[in-house]
Amino acid sequence: MAKITASVFTSHVPAIGAAMDLHKDHEPYWQPLFAGYEKSKEWMKANKPDVIILVFNDHATAFDLSMIPTFAIGCADSYTPADEGWGPRPVPRVQGHAALSAHIAQSVIQQDFDLTVVNHMDVDHGLTVPLSLMCGEQDPVNGAWPCPVIPFAVNVVQYPAPSGQRCLNLGKAIRRAVESYEDASGKELNVQIWGTGGMSHQLQGPRAGLINLDFDKQFIERMVTDPEGLAKMPHVDYIREAGSEGIELVMWLIARGAMSDLRDSAQGEATAGKAPKEIHRFHHVPASNTSVGHLILENS
Ligand code: DHB
Ligand code: FE
């Protein structure tokens, strides 16, 4: 009674949010970036989900260095946009879906993934910038995001971060959880899962400013055609090729793992579904210090 229909992948550069909030999106620096998301906004309007599971990383906002869960699921009714030092972004509060969150926590933890249950969490640019890119500007007071969002936070800030393989397997577990959900309304929920962060970027040290277009393009291609192979890539390859913050890309594998072509016969699941349909692919360099990548896949 709930189904994952599509996955969305996008970078989350905070300066993109600031450009929108300060109405700089038509300036020459920003215009080509936002042009790449026009099709995405139209697609979102035509394919409005009932819930988005938004996989992102917190940047020492909700969690500081005193405590960093590897995987944390938001189970609250709503989430406040965080103050990251310049005041909170002027965007609407994020409404949650506590019932589906609680079900995913129950199901995924019983599938042997340790999730931290978070009942109160402010959400930073990692979550609000992808929403802004995909849904466009919203009035902070009278506006609203198009649907409830379940924040799913992954530690990619302090090592050890989870491996790509664990992220892909977690995505498979999340899909099973979603498919076993029964909504109180009796209606089948249309659920999207988003993987965010990346692509290549390094914000500090001698290699600050690193961007690797070849790596990024190949990563997007393999997300479509070879996610199981991509999941085997070790952390050191992300760091060498995509910079220290390029490790954010492991989060894309969670969303990719939830697509229905990756059904797992070891779990007694029926044969794999068809390969997903690629709706949109976009790449733009740079936004701030980051190579921006974006992909939309629909389950066939
Ligand atoms: C930038 C990118 C990020 O992913 C981030 O979390 C902060 C800053 C940047 O390119 O400026
Ligand atoms: Fe980041």
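May I ask you to list the residues in region 275-300 that are open to solvent by 10 Å² or more (accessible area, probe 1.4 Å), away from ligand 1 (no atom under 16 Å from the Cβ) and touching a residue at least 24 places away in the same chain (Cβ under 8 Å)?
Residues satisfying the conditions are Ala275, Pro276, Glu278, Ile279, His280, Arg281, Phe282, Glu298, Asn299, Ser300.
If I filter region 186-209 for residues that are under 16 Å from the mean Cα position of the chain (by Cα), open to solvent by less than 50 Å² (accessible area, probe 1.4 Å) and at positive phi, do I get at least one hit?
Yes.
Given the criterion without any contact (Cβ under 8 Å) to a residue 60 or more places away in the chain and either among the basic types (Lys, Arg) or farther than 28 Å from Lys41 by Cβ (or both), identify the matching residue among Gly164, Gly186, Gly205.
It is Gly205.
Residues to consider are Asp25, Asp50, Asp83; find the one that is away from ligand 2 (no atom under 16 Å from the Cβ) and either within 18 Å of Gly143 (Cβ to Cβ) or basic (Lys, Arg) (or both).
Asp25
Are any residues in region 247-284 among the β-branched types (Val, Ile, Thr), modelled with pLDDT of 95 or more and over 30 Å from Leu203 (Cβ atoms), and if so, which ones?
Hit for region 247-284 is Ile279, nothing else.
Within region 186-238, track down each residue that is charged (D, E, K, R) and out of contact with any Lys or Arg (no Cβ under 8 Å at 6 or more places or on another chain).
Correct list: Lys187, Arg207, Asp214, Asp216, Lys217, Glu221, Arg222, Asp226, Glu228, Lys232, Asp237.
Just the residues that are under 18 Å from Leu131 (Cα atoms) and either modelled with pLDDT under 95 or more than 16 Å from ligand 2 (Cβ to nearest atom) (or both), please, taken from region 285-297.
Passing the criteria: Leu295, Ile296, Leu297.
From Pro14, Pro32, which residue is within 15 Å of ligand 1 (Cβ to nearest atom) and either among the hydroxyl-bearing types (Ser, Thr, Tyr) or open to solvent by 50 Å² or more (accessible area, probe 1.4 Å) (or both)?
Pro14
For the condition in a loop (DSSP other than H, G, I, E, B) and either at pLDDT below 95 or charged (D, E, K, R) (or both), what is the one hit in Ser200, Ser185? Walk me through how you get there before you give the answer.
Values: Ser200 fails: either at pLDDT below 95 or charged (D, E, K, R) (or both).
Answer to the check: Ser185.
Is region 126-148 home to any residue that is of a type in the set (Asp, Glu), in contact (Cβ under 8 Å) with a residue 40 or more places away in the chain, closer than 30 Å to Pro286 by Cα and open to solvent by 40 Å² or more (accessible area, probe 1.4 Å)?
Yes, region 126-148 has at least one match.
Which one is farthest from ligand 2 (Cβ to nearest atom) among residues in region 244-272 that are charged (D, E, K, R) and assigned to a loop (DSSP other than H, G, I, E, B)?
Out of the qualifying residues, it is Glu269.
So which of Ala98, Ala72, Ala102 ends up being within 23 Å of Cys167 (Cβ to Cβ), at pLDDT 95 or above and open to solvent by 10 Å² or more (accessible area, probe 1.4 Å)?
Testing whether each residue is within 23 Å of Cys167 (Cβ to Cβ), at pLDDT 95 or above and open to solvent by 10 Å² or more (accessible area, probe 1.4 Å) leaves just Ala102.
Conditions (1) in contact with a Ser or Thr (Cβ under 7 Å, 6 or more places away or on another chain); (2) under 18 Å from Thr196 (Cα atoms); (3) surrounded by fewer than 24 Cβ atoms within 10 Å (Cβ to Cβ); (4) in contact (Cβ under 8 Å) with a residue 60 or more places away in the chain, marked per residue:
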| position | (1), (2), (3), (4) |
| --- | --- |
| Arg222 | no, yes, yes, no |
| Ile239 | no, yes, yes, no |
| Arg256 | yes, yes, no, yes |
| Ser260 | no, no, yes, yes |
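The values are calculated or read from the model by the stated rules, or taken from the named source; none is laboratory data. What you are looking at is a predicted structure, and each value in this text was computed from that prediction instead of being measured. So basically every Cβ, Gly included, is an ideal-geometry build from the backbone, and we count neighbours across all protein chains shown. The area values use the complete protein model at the heavy-atom level, side chains included, leaving out ligands, DNA and RNA. Shrake-Rupley method; radii C 1.70, N 1.55, O 1.52, S 1.80 Å.
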